[in-house]
1. Quick one: which of Glu35, Glu63 is surrounded by 12 or more Cβ atoms within 10 Å (Cβ to Cβ) and of a type in the set (D, E, K, R)?
2. Kindly indicate whether any position in segment 47-55 is of a type outside the set (A, V, I, L, M, F, W, C), closer than 24 Å to Ile143 by Cβ, in contact with a helix residue (DSSP H, G or I) (Cβ under 9 Å, 6 or more places away or on another chain) and at pLDDT 90 or above.
3. Name the pairs: first residue in segment 45-62 and part of a helix (DSSP H, G or I), second residue of a type in the set (Lys, Arg) and crowded, with 17+ Cβ neighbours inside 10 Å, Cβ to Cβ under 8 Å, at least 6 apart or on different chains?
4. Please specify each residue of segment 147-183 satisfying the condition of being open to solvent by 10 Å² or more (accessible area, probe 1.4 Å) and in contact with a Phe, Trp or Tyr (Cβ under 8 Å, 6 or more places away or on another chain).
5. Within segment 38-60, track down each residue that is touching a strand residue (DSSP E or B) at 6+ places or on another chain (Cβ under 9 Å), open to solvent by 60 Å² or more (accessible area, probe 1.4 Å) and farther than 19 Å from Asn135 by Cβ.
6. If you take the residues in segment 25-44 that are without any contact (Cβ under 8 Å) to a residue 24 or more places away in the chain and among the charged types (D, E, K, R), which one is farthest from Arg142 (Cα to Cα)?
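The values are calculated or read from the model by the stated rules, or taken from the named source; none is laboratory data. Nothing here was measured: the structure is a model prediction, and the numbers come from that model. Backbone-built Cβ (ideal geometry, glycine too); neighbour counts: all protein chains shown. Accessible surface areas use protein heavy atoms only, side chains included; no ligands, DNA or RNA. Shrake-Rupley method; radii C 1.70, N 1.55, O 1.52, S 1.80 Å.
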Amino acid sequence: MGIKGRRTTRKLSEQHPEPELVVSVSDIIKKSIEEGYVDGQGNVDIEEVAKWNGIEISYEIMESSKSGYLKNIDNKWIIGVNKKHNPKRQRFTIAHELGHFYMHRNKNLDFEDATFFRAENSTSIEYTANEFASNLLMPENRINKAIQDGIKNISELAELFSVSAAAIKYRVISLGYKMKVHE
C-alpha cells in the first residue's frame with residue numbers, strides 16, 4: 001500500500017477542449033449528420049470530415065495513374081488529390097486517404113495511392129482503406145433503401161451517392177447483389 005494522498009482534478013482548458021473520439025465509419029456519418037455536413041441526398045461532405053480532423057486537402061496536378069496521398073509534413077496531415085481526376089473520383093480518393101488516417105497513421109507517415117479498384121496487387125492496407133471509403137460514401141443501409149425504393153440502375157445509384165459507376169458497382173456486388181448481364 002502507499003500513502004493516502006489527495007488527488008486534484010485538472011480542468012481542461014475551455015480554449016483547447018479534448019477532441020471528440022470518432023471510432024467507426026458509422027460514428028463519422030452520425031457526426032456529419034449532426035453537424036450538417038451532408039448534402040440534400042444524405043451524402044457525407046468528405047472535405048468537412050478532413051477539416052474536423054485537422055487535415056489539409058491539396059488539389060495537385062499528378063500523373064493520371066496517381067489518385068492521391070496522405071502525408072505528415074511537420075506534424076500536419078495533408079491529403080493530396082489529383083486535380084485532373086473527376087470530382088467523384090476525387091471524393092473517393094479523399095475518403096480512401098481518410099481511411100489511412102483513421103486506421104494506419106500510426107504505422108506509416110506517408111501513403112501514395114494509385115487508381116483504386118483496378119490494382120490486382122492491392123495490399124491489405126489498401127484494401128481496408130478502400131473498404132473504409134466505400135462504407136463512408138456508400139453506407140449499406142442507404143444502398144439497401146435506394147434499391148428497395150426501385151433504383152436499380154448503376155448510373156442512377158452512382159449519381160445518388162455522388163461516386164463513380166465503378167465504385168458503386170463494386171460496392172453493390174460486395175453487398176451480395178447480382179448484376180444483370182445484358183446480351
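1. It is Glu35.
2. Yes, some residue in segment 47-55 is of a type outside the set (A, V, I, L, M, F, W, C), closer than 24 Å to Ile143 by Cβ, in contact with a helix residue (DSSP H, G or I) (Cβ under 9 Å, 6 or more places away or on another chain) and at pLDDT 90 or above.
3. Hits for this filter: Ile46/Arg91.
4. Ile147, Ser164, Ala166, Tyr170
5. Lys51, Glu56, Tyr59
6. Within segment 25-44, the match that is farthest from Arg142 (Cα to Cα) is Glu35.
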